[in-house]
Structure formats: C-alpha cells, structure tokens
Amino acid sequence: MDCLLINEGFPLLSFLIFLPLAGAFVLFFFSSESFARLWTLAVTTLAALATLPLISGFDTTTAKYQFAEAHTWIPQLNINYIVGVDGISILLVILTTFIMPLCVLASWKYIKTRVTAFMFCLLIMETSMLGVFMSLDFVLFYVLWEFMLIPMYMLIAIWGGPRKIYASIKFFLYTLAGSILLLVAIIALYLKNGSCFIPDMMWQNYSTTFQILVFLAFFLAFAIKVPMFPFHTWLPAAHVEAPTAGSVILASVLLKMGTYGMLRFCLPITPEATFALAPYILWLSIAGIIYGGFTALAQNDMKKLIAYSSVGHMGFVTLGIFVLNTRGVEGAIIQMINHGVTTGALFLCVGMIYERTHSRELSVAQGCGKYMPWYATFLVIFSLSSFGFPGTNSFIGEFLIIAGAFEFNKTLALASIPGAVLAAAYMLRMLQKVVYGTENNPDQSHLKDLSVREIAVLTPFLIFVFWIGLGPQPFMDIIHVSVANLLDQLHGWQQAQDVAAVFLQ
Amino acid sequence: MAILPELALIAGALAFFALSLCKTLDSTQVKNSAVLFGFITLISAIISYNQQATMFYGSYEIDMYSQLFKLIIGFALCVVLIFGQNLKGIDESIRPEYYIFLFLSGLGLMMLVSAVELITLFVSLELSSFALYLLVPMRDDRTGVRQQMEAGIKYILFGVLATGFMLFGMSYLFGLTGSTYIKDIVPALESISSQPAVFFAVLMVLGGFFYKLAVFPMHFWVPDIYEGASNETTGFIATVPKLGAVALLIRFMTLPTGQPELLVNLFIVLALCSMFYGNLCALVQKDIKRMLGFSGISHAGFILLGLLTMQAGGYATAIYYITGYVLMNLACFLVISNVSVHGENLKIDDLNGLHKRQPVLAFVLAVSLFALGGIPPMVGFMGKFMLLTGALKLGHLTLVIAAAFNTAIAIYYYLSVVKAAYTADSEERENVEVNSLIKATGVVLVLLILLMGTLPSKFVAIADTAVRTIM
C-alpha cells in the first residue's frame, strides 16, 4: 500500500464516481424532460468542475497513485474499494468529465424521445467510466468495466439508427465475450497474490506460461475494446448506429479503456509476455493503421469513415505502447487524449449535419460549406487535426509515436508512414466533398449554420486541439513521471531476468 | 416458538381449507387472506430466525442453517403470493384449494430444511412434491389441448422416478449403517467408506435432489412443466423448491463417500452438461417461461461449482448464489405473471414495448435479466465470481473457462428479452395495470438484487456461519 498517497481530506475521487450515480438516482423521482436535460447538464458540469482541484493538486513529481482512498469492501475475498489516479490515468479522467457535459449539450435537441432515460444512461455511464480509470482494485475495475455495457447498449439500442438492434447486440456480445477470459485471468492473479490490489500484482515472478496465458486473456479483452485489427468489426456498426452522444462517448472514452488497460495491466503484470509478444502486436497495429486508412478511404457514410479512421488512429496508440520506450508510450497517452478530442469533435460535427439533413451520406452533405461557414471552419480544423497537421494536437502524438517507433525498429516506423498519408487522403476527401462538393451539389440553401449552443459545444474541443498542438508541455509533465517509472521498472525487470539467465547458465 | 413459520403455514392451509368449504366465495377475500398469510409466514420466519432447538426425538433440528433457509423460503413464498395474488390462470372456484396446496408445499420445504432424519426428510419432501404435483394441473383449460394435464402427468412421473432413486439410496444408507439419523450415519459411513455401495447410496440420494434442482440429466421435466403450469405456479416451482434442494444437497455432501475425487469429477461433468445444455437450448426458445426453465438448468450447473468444492466456503457461496437466483427469478416471474393479461403463456414478443406499457415492470425485468446474465454489479455476477474463484482455487481451470464461456452464451438470450421490452415497438399492445403492492415488491426485489451484488460480504458471512453449524 506504500504506492498510495492516501487522500485524507475531501474524498474527491469517490465524489466524482458517485456524483453522477446520485444524479441519475434523482431522475427516478423527477422525470420531466426539461428538468432531466438541465439537471444532467448541471451534474456533469459539476463533475467537470470538480476535476479542477484534481489537476491543481496533482503532484507531477511522483509516480505514486494520488488522491487515493481505500475502504474495505468484501473482506472475505480481500477485495477492497481502492481508487487513485496517476499520470497514466489522470488525463483520461479529465477527458471523461469534460466530454460529458458537451455530450449532454450535443443531445439537447438531437434526442427527442425518452429524454429522461437517455440522461439516466449518460449519468450512469459517466460513473462507470470514471470508476474504470480510477479503480486500483481489479474486481472493482471489472465490475465497472462490465457494468458499462448496459448503459452503452441502451444508448445504441434505444436511440440508435435503423440497424440499432444488430449493432447494439453485436457490441454487447463482442465486448462481453472478450472480457470473460479477463475475469478468469483476474481470478487466477487473485489466487496467486491473495489480493486484488492492482499494484500488488505487478512485477511478480509468475512463470512464463502463466504470464503468456494471462497476457492473452488481457489482450483479447483490451484489443476488442480498442479495437485492434482484426477485432474491430463491432466498431463501425456500433458507431454508425449510435446517437451522436453515444458515438462521442464510444470514441473518446470507451476505446481508451482498451489502451489504458494495456498500459495499466499488460506491461507491469506480465512483463515477460509483453516482451515476447510485443513484435506481433506491433505488426498487428501496423495492419490496423493501414487497413483502417484504406477502408476509411472507401466510405461514403461519414460516421463509418470516422469509425474506420479510429481503427487507424488507435493502431498508432498501440504501436506507441508496445515499442516500450518513453517517447512511444508518452506519445501513445497524448494520442489517446488527442483521439478523444478530435474524433469526438468530428462525431459531433457529423451529428450536426445529420440533425439538418437526416443523412450521414457524403453525397447528401455535399457543398454545405457555402451555407454553413462556421460549421465548415470547425470541420476543417478538426479534420486537419485528425490527420496530424502540424500545429494541431495529433501532430504531437503521432510525431512522438513514430519517433519512438524509429528508436525501436526502423522498418516498423517506415511501415506506419503510409497510415499517416492515408489519413490525410481520406480526411481531405471528406472535407473537399462536404465543404465544396462538385458542380452539381444538392440544394443546401435551407441549411442553417451552427447555433450558439452548437458553437459552445465545439469550442472547447477547438481549444484543446490547439493547446495540445502548440503547448503540449503541461500535459507531458503530468504523464512523464509515471511513464518513466513504468518503463524503468519494465527495463529493470528485463535486466534482472537477463542477469538471472546468465547466472543460470 | 421454534417452529413458528411451520405453524403459520399450517394455519394458512387450514384457513383456506375452511374457506374452500364456503358456498359463496368472495375472490378479493381469498386474495387478501393469501397475501396476509404470506406476510404472517415471512414475519414468523423472521421472529424465529435466532431460535435453536432439537425436536421430535432428534429428527428435527432448528439451527441457524435451517432458519436461514426458512427465512429465504418464507420471503420467496410471500413474494409469490403477492405477485400471484390475481391467480389469472386458475379458475376462481378452486382458488382456495390452490392456496391450500401452495401453503402445504411451502410447509414441506420448510420441514425439509430442518429434517435430519431420513424418514422425516422423505415425508417432508413428499409433502412438498405432492402438493406441487397437484398445483400444476389446476390451471384452467384455456388452450383446449389440456396442456396442464400433460405437464402434471410428466411432473409426477419424473418426480416419482427421482423419488424412487432417492428412496433406494436411503435404504442402502440404512442398510449400511443401521440408522436413519444423519448424525449417526456420518460416523458409521466413515468406517466403511471403502465400500462402493456407500458411494452409490449417496449418489442416488443426491440424484433425487438433482431432480428438484433440475441438474442434467434429471432436468427433462423442466421446459414442459414450466410451460404447462400457470405463470404463478411456475414462479413458485422455479424458485422455492430449489432452495430446499440446495439445502439438502449441502447436508448430504457432508456424508463421507470414500470416493471424493470420483464425486468431484462426476459433479464437474454434470455441471458442464447442465450449463451447456441449458444455455444452448435456451438460445432458441420463443416462450419466455421455457427460456427461463432452460436458463435455470444452466444456473443449476453453476451451483454445482460451489458444491464440488466440498468446503464450507463453497457451500456458503452456493447458498449465496441460489438466494440470488431465487430473487432474480422471482423478479422475472413477477413481471411475467402481471404482463400476461388472462394468465396465458407469454412469448418473448409479448413483452414488446413494455417500457411504455408499464415502466416499473420493464425496469424490474431488465435488472433481473442482466443479473441472471451475470453482469455486475448485480447479484448474479458476484455469485458467479465467487463460485469461479472457489473452483479455480481447487485447480479446475478448464471447468472455470467453460463456465465463463457460458456467461457469454447466456447473455444473448437474456438480452433478446431486454431488447423486446426496451427497444421494440409496443404495436398497439395494451398497457399493463398492476397495483402498487406488486410494484413495491418488484422494487424491493431489484434493491435486494443490487444490494446483495454490491455488498455481498454480510450475506456470505451469515451463510458461512450457517454452513459451519452443520459440518
């Protein structure tokens, strides 16, 4: 427990976790639609504001888990309620709390039926997402990780598009099937250690076979969530059918849980298996980058296009993680945030077009830039950010990842370059069509430009695009110590193994 | 005082016997007295929870173990009486008789968990079973194909077969040890446990309870009886007798067989067969009661995971799991009984748009189905987690992985019901009217499902202490 900095004062993390839950509970009793909207906005905004002391109080000089709280939960099984944040998770927590009020605002008019239930789902979604990033007990993690499927399923299945039933069930089954072996792995680790405290499980001398099996169980669960090629097939369906807020949450937060899981669990708990299997995962990431790029290039549905681009972008993130050096991992974390910001914003943009034209087809949205200058401006900036234009956030992330990859293996790094080019190709293709179109555009004169509410939704994303793009140092400072500590331990562990191997010979 | 809940049930049965003699019946009066006696049973079970006594020449043991089960049985019976108060599937003229047998069946089960002598045990079991055999064909003949008679006959034939096995096993136990008292049988068996007859005797007794619990290969009655019996009766059959079965299985697992490994391996095979058979068959069901029946077979397989650990911890988990299972199933049947307009069987499609027709029931249904599917933080997940932990601790890795896979299979059919209730259009189906007592019961069940799932330690501790009193 010495890796925890116990928070003696106000239990900030628990407050963040349980505030949305309590807010959701209130909706049982006051179920008028206008109240539900305002109330949810208020609760999510309060949660976002409550993360500000988290940022200001975060100590960037230590790799320990901060703001930690530990309470007994199930003493018979030594399962405890332990939460804490470190450099790896804090940015994701902040990303989650900041995105939620924007999702509420984006659904203000988009969701017309069963508004209260929708807001209820959003709130319990926030609870489970925050809990996943904060929990330091594996069972607590798993409980929230699985629980999240229910509200997300509901979001897609009730408020989704025409093929919502298919997409939601596919999403549910795919993710559940992925995580059942995770449960078995958790139980196995618990039985080895007698505790479910995650840091206790790290850097233990498990046998090679055990590590490989546990790693594979982890990997299956996380790779489906990321999603890595070839486990990505649920993603386009779910993204396309989900309502805008659902897509944004899915892209910005849920996908990050996969890569977060890899960083938090795969590397420290099964280091030997990580070293052994990293090459395969790296090439799988490259395959995902290239595949995502080519498939996105061929899409005529904007949501599908962005969904496939996510496969490519997340491929960069896994690439960064498994090159196992500081640049790569830091780049991966920054890129996780970037993807959350940029892709979330792009999904919001598509949602705004959809609200106007009731179609996501590129051909229907052609040439709307002329009548929607504000919209076009936002779309251009987010698209540029998506393919890593210098000055925007993704440039920093991708640059670091590719630099890390070069450090690791030049062939590998070179193989990822076409992905960056493809990203430019498909994003520019979309931009060209939506903003300018061809000579025979459909008549778009009836389209109204963005309202103040919509501009207010997109502006925070814009700020972060340029903030991370032009001044990433504050973000890097937050993650640096934790990443350096993780990698030091990882390479220290490897050296110890090598030394042991020499002695044994 | 110690047998207060049993006395309450007898009083209930007698009261309804008197009512059945009346020439003119007021159906609200019958209904209200049934609910009243349900509450009386529950309250008396709570009052006598801490009692301890040995009665009737040592054949009847009142201890923490039996009282815990009686409390759960009393609660479940009370819930069944509340949500089944309208008894839509039973003709009005025979409702008092229906309640007589329902109370007698509950009485038999309560006696069963206290019985520590083979004959007492057998009599209690038959009291509960025969009452149930009669409840099934009491459904009114709505379909015109006398489906309930078919179900009744199947139930009694399979039931008698299982009883035969058990009685045969008991006769062996008596023959081998010369006693019908479990406390005498245990030491006597230990000295002769190398004999194969001991193993078969115990196995056959266990087989009789497998029938009640619907473990493969004693599960054949399940789908047809679930379908043929009225919704309220199925709600009872699916829940309360299984509590008795688990209570007795645990009692008999403590008998030494001399072949613990063989028994464990057998249990592993039965657990796997139950899980896969139940889940795979449930996938294709259209009728929701049949689906729940098959899902019950797979859940029985999970309970075997707890029993095969042969340790107090595993038994406590099994009790936790069966309690959770009873709560979840009661919640499901609460919804089914009340959505069904005239007491007819429900197809899954009949639940379409339930969220609009009756939001509270839809919520209760969704929570209980996700709980049955083992999604946290509901009781189904916690139970599964503890069962899997217990089994993996003993090194049954393959079994645990297979069980985990079953979770993924099962969620599909539970999800299809949630999908119907929450996403499908109601297609002009009528709204469902239920009274506030039933709604409140549904909410209580949901709260219990969530509470037991999020804070399991208290209950597991109680179950653990209770199990240790009989070991």
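The values are calculated or read from the model by the stated rules, or taken from the named source; none is laboratory data. Quick caveat, the model's predicted, so the values are computed rather than measured. Methodologically, a virtual Cβ is constructed for each residue, glycine included, from the backbone with ideal geometry; neighbour enumeration extends over all protein chains shown.
Just to be sure before I move on: is A:Ala47 more than 14 Å from chain B (Cβ to nearest Cβ), in contact with a Gly (Cβ under 6 Å, 6 or more places away or on another chain) and at negative phi in the structure I sent?
no
Please state which of the following conditions A:Leu173 fails to meet, knowing it meets all the rest: (1) buried (at least 23 other Cβ atoms within 10 Å of the Cβ); (2) over 23 Å from A:Trp73 (Cβ atoms); (3) within 9 Å of chain B (Cβ to nearest Cβ).
Of everything listed in (1) buried (at least 23 other Cβ atoms within 10 Å of the Cβ); (2) over 23 Å from A:Trp73 (Cβ atoms); (3) within 9 Å of chain B (Cβ to nearest Cβ), A:Leu173 misses just condition (1).
Are any residues in segment B:28-51 surrounded by 13 or more Cβ atoms within 10 Å (Cβ to Cβ) and of a type in the set (S, T, N, Q), and if so, which ones?
The answer is B:Ser33, B:Thr41, B:Ser44, B:Ser48, B:Gln51.
Using the structure shown, decide if A:Gly178 is surrounded by fewer than 24 Cβ atoms within 10 Å (Cβ to Cβ), closer than 16 Å to A:Leu250 by Cβ and more than 12 Å from chain B (Cβ to nearest Cβ).
For A:Gly178, the condition - surrounded by fewer than 24 Cβ atoms within 10 Å (Cβ to Cβ), closer than 16 Å to A:Leu250 by Cβ and more than 12 Å from chain B (Cβ to nearest Cβ) - is not met.
Could you check B:Phe363 against (1) away from chain A (no Cβ under 14 Å); (2) touching a helix residue (DSSP H, G or I) at 6+ places or on another chain (Cβ under 8 Å) and say which number it fails?
It fails just one condition, (1).
With the requirement that a residue be out of contact with any Phe, Trp or Tyr (no Cβ under 8 Å at 6 or more places or on another chain) and touching a residue at least 60 places away in the same chain (Cβ under 8 Å), what does segment A:427-436 give you?
Answer for segment A:427-436, where residues must be out of contact with any Phe, Trp or Tyr (no Cβ under 8 Å at 6 or more places or on another chain) and touching a residue at least 60 places away in the same chain (Cβ under 8 Å): A:Arg429, A:Met430, A:Lys433, A:Val434, A:Val435, A:Tyr436.
Does B:Ile401 satisfy the condition of being in a helix (DSSP H, G or I) and either in contact with a strand residue (DSSP E or B) (Cβ under 8 Å, 6 or more places away or on another chain) or under 14 Å from B:Met275 (Cβ atoms) (or both)?
Here the answer is yes, as B:Ile401 does meet what is asked.
If I filter segment B:40-56 down to residues being touching a strand residue (DSSP E or B) at 6+ places or on another chain (Cβ under 8 Å) and in a loop (DSSP other than H, G, I, E, B), which single residue comes out as modelled with the lowest pLDDT?
B:Gln51
Consider only pairs whose beta carbons are under 7 Å apart and that are at least six residues apart or on different chains; among these, list those whose first residue lies in segment A:154-169 and is without any contact (Cβ under 8 Å) to a residue 24 or more places away in the chain and whose second residue is of a type in the set (Phe, Trp, Tyr).
From segment A:154-169, the pairs are A:Ala157/B:Tyr422.
How about segment B:257-296: which of its residues are within 30 Å of B:Leu346 (Cβ to Cβ) and free of Cβ contacts under 8 Å to residues at least 12 places away in the same chain?
Result: B:Val284, single match.
Can you name the residue in segment B:200-259 that is touching a helix residue (DSSP H, G or I) at 6+ places or on another chain (Cβ under 6 Å), closer than 22 Å to B:Ala151 by Cα and polar (S, T, N, Q) and is also surrounded by the fewest Cβ atoms within 10 Å (Cβ to Cβ) among such residues?
Within segment B:200-259, the match that is surrounded by the fewest Cβ atoms within 10 Å (Cβ to Cβ) is B:Thr239.
Could you tell me which numbered condition A:Asn300 fails, if it satisfies all but one of (1) free of Cβ contacts under 8 Å to residues at least 40 places away in the same chain; (2) touching a strand residue (DSSP E or B) at 6+ places or on another chain (Cβ under 7 Å)?
Status for A:Asn300: all satisfied but (1).
Given the condition of a type outside the set (Asp, Glu), touching a Phe, Trp or Tyr at 6+ places or on another chain (Cβ under 6 Å) and touching a residue at least 24 places away in the same chain (Cβ under 8 Å), answer yes or no: does some residue in segment B:26-36 qualify?
Within segment B:26-36, one or more residues are of a type outside the set (Asp, Glu), touching a Phe, Trp or Tyr at 6+ places or on another chain (Cβ under 6 Å) and touching a residue at least 24 places away in the same chain (Cβ under 8 Å).
Taking into account only those residues within segment B:392-408 that are more than 9 Å from every other protein chain (Cβ to nearest Cβ) and free of Cβ contacts under 8 Å to residues at least 60 places away in the same chain, which is nearest to B:Phe294 (Cα to Cα)?
B:Thr398
Of the conditions (1) in contact with a helix residue (DSSP H, G or I) (Cβ under 6 Å, 6 or more places away or on another chain); (2) at the interface with another protein chain (Cβ under 10 Å from one of its Cβ atoms); (3) of a type in the set (Ser, Thr, Tyr), B:Ser416 clears all except one; give me its number.
Against the list (1) in contact with a helix residue (DSSP H, G or I) (Cβ under 6 Å, 6 or more places away or on another chain); (2) at the interface with another protein chain (Cβ under 10 Å from one of its Cβ atoms); (3) of a type in the set (Ser, Thr, Tyr), B:Ser416 comes up short only on (1).
For segment A:68-168, please list each of the helices (runs of 4 or more DSSP H) lying entirely inside it that holds at least 1 residues being among the acidic types (Asp, Glu) and away from chain B (no Cβ under 12 Å).
The helices (runs of 4 or more DSSP H) meeting that bar are A:115-134.
Identify all residues within segment B:369-390 that are within 15 Å of A:Leu77 (Cα to Cα) and either without any contact (Cβ under 8 Å) to a residue 12 or more places away in the chain or more than 9 Å from chain A (Cβ to nearest Cβ) (or both); write none if there are none.
Result: B:Gly383, B:Phe385, B:Leu387, B:Thr389, B:Gly390.
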